[in-house]
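Input: a single structure, listed below in structure tokens.
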Amino acid sequence: VEFIDLWSSELGGPAYGQNGTYSTFMYAREAERLIERHAEASSKDNERPLFLYLAWQAMHGPLEAPVEYELPLPNDPREARAKMNAMAAVLDEGIRNVTNALKRTGLYDNALIVVSSDNGGWIQLDHGGNNYPLRGGKVTDYEGGVRTAAFLTGGFLTRKAPHKVGTRSTLLVHIVDWYSTLIGLSAREDNQPHALHVPHSDTDGKRANGIPSIDSQDFWGSLIGKASTVTAVREEIPLSFCNIEAECDWPGGVGDAALISWPYKIINGTQAGLGVWQGNQFPNASERIPMPGNDAGCPLGCLFNIRDDPTEHHDIKEVYPDIFNTLLKRLNEVGKQVYQTNYSGGDDSCISVEAARERDKGFLAPRCSSGTVTYIQQTPRGRGLEPLNVTVEIGA
């Protein structure tokens, strides 16, 4: 059963009436609306904080962009690079519009803007990604799949750390570290105790309710410090531990695992057979890389020094067997802490998938609840957002 996965917090239900709208434009407009509403509320209620998370769909498959943004490129038979460049242009425009909204409403001077990728690009011809000179790409633990770009900007950065504007950081951080960093930053700005409270953990690193302790680290002080080393925040980053309980993205799978313990990195598994290197210009061949790929990977484990060999050309496991064995032991210790969410959430009353699809006109919406809830169904009437409210009782 197929669904349209788009929800509107403004409507409190499926985002009807948006079919045919390019999502980057949609998200930018919604962000502008929220910024303007926040600025108006803040003017009446002193300074209210705002956290806005924009998970842009652009720079992700399927490769689609308005044709007016596409420019043809040489050696691009599937037009993948042209489409990828077009998506980047639209994304750039969306970020510009959001930034202008912050400036227009007077919020920019106290805004910290973080733009970050979450993984490397797909390396197939028809996906448009290029991670040169790094090895591998998305769904692999090689540097091409996990070492990504990010940047910070905004009036807050200029005011608090002018010496860092235009510089580059080499800190070893994990994307989860933004959690503690942003919470700690907001707490310090409000002269409040650190808002991130981690409950006491038992001996196996889990809280009393079975949920693992938080791994996130606050790296703001190291980021804006006058001088900091690569390992100022952390020396270790667990990258993956794929098992039956916590499957990894296809075409990777059970057995793939990796850990960085600076400057070394241990990788295990076939890594989807995608541990290849691309050229400076890609595509530079006419044949499509198969899925899974043909690279043997590291079925018996590999060891790399990613400080001296960031492109991971040289497996040094046989040269440093003690280091390999130490990291392998640590990798398996980390793997014991892998946690998979209980998706049921305690909900004990559900309607069928088919009934949910019929009720919500093909849109993905909650179909399970705990006890009795009232769901306000927004029924579409053409492209205009004219909802017809229907109260549906779910549960006994």
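Things to note:
- Among residues that are among the charged types (D, E, K, R), surrounded by fewer than 20 Cβ atoms within 10 Å (Cβ to Cβ), in contact with a helix residue (DSSP H, G or I) (Cβ under 7 Å, 6 or more places away or on another chain) and under 21 Å from R81 (Cα atoms), D92 is not included.
- Selection count where residues are buried (at least 16 other Cβ atoms within 10 Å of the Cβ), assigned to a loop (DSSP other than H, G, I, E, B) and of a type in the set (G, A, S), scope region 4-31: 2
- Scanning region 13-51 for residues that are among the hydrophobic types (A, V, I, L, M, F, W, C), under 30 Å from G129 (Cα atoms) and touching a helix residue (DSSP H, G or I) at 6+ places or on another chain (Cβ under 6 Å) yields A28, A31.
- Among the residues examined, F363 qualifies as surrounded by 15 or more Cβ atoms within 10 Å (Cβ to Cβ), more than 21 Å from Y142 (Cβ to Cβ) and at pLDDT 85 or above.
Quick grid of which residues meet (1) under 30 Å from K265 (Cβ atoms); (2) modelled with pLDDT of 95 or more; (3) more than 20 Å from the chain's Cα centre (by Cα):
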residue	(1), (2), (3)
A65	no, no, yes
L71	no, no, yes
N100	no, yes, yes
S116	yes, no, no
E143	yes, yes, no
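- Filter result (within 30 Å of S42 (Cα to Cα) and either loosely packed, with under 15 Cβ neighbours inside 10 Å or in contact with a strand residue (DSSP E or B) (Cβ under 8 Å, 6 or more places away or on another chain) (or both)) within region 103-135: K103, R104, G106, D109, L112, I113, V114, V115, S116
- Residue check, I267 modelled with pLDDT of 95 or more, part of a helix (DSSP H, G or I), of a type in the set (V, I, T) and at negative phi: no
- Residue list for region 211-261, filter: in a loop (DSSP other than H, G, I, E, B), of a type in the set (G, A, S) and either under 16 Å from T341 (Cα atoms) or open to solvent by less than 40 Å² (accessible area, probe 1.4 Å) (or both): S213, S216, G225, A246, G252, G253, G255
- Checking S43 against (1) free of Cβ contacts under 8 Å to residues at least 40 places away in the same chain; (2) under 27 Å from Y69 (Cβ atoms), the condition it does not meet: (2)
- Among the residues of region 32-88, the ones that are farther than 22 Å from W122 by Cα, hydroxyl-bearing (S, T, Y) and surrounded by 15 or more Cβ atoms within 10 Å (Cβ to Cβ) come to 1 in all.
- Among the residues of region 146-172, the ones that are small (G, A, S), closer than 30 Å to G252 by Cβ and free of Cβ contacts under 8 Å to residues at least 40 places away in the same chain come to 2 in all.
- Filter result (surrounded by fewer than 17 Cβ atoms within 10 Å (Cβ to Cβ) and touching a Ser or Thr at 6+ places or on another chain (Cβ under 9 Å)) within region 140-160: T148, A149, A150, F151, T153
- Within region 314-340, residues that are within 14 Å of K265 (Cα to Cα) reach partners that are in a helix (DSSP H, G or I) with beta carbons closer than 6 Å, at six or more positions or on different chains, in the pairs K317/F324.
The values are calculated or read from the model by the stated rules, or taken from the named source; none is laboratory data. Just so we're clear, the structure is a prediction, and the values are computed from it rather than from any experiment. Quick reminder, even Gly has a Cβ in these numbers, built from the backbone with ideal geometry, and neighbours come from all protein chains shown. Ligands, DNA and RNA are excluded from the accessible area calculation, which covers all protein heavy atoms including side chains. Shrake-Rupley method; radii C 1.70, N 1.55, O 1.52, S 1.80 Å.
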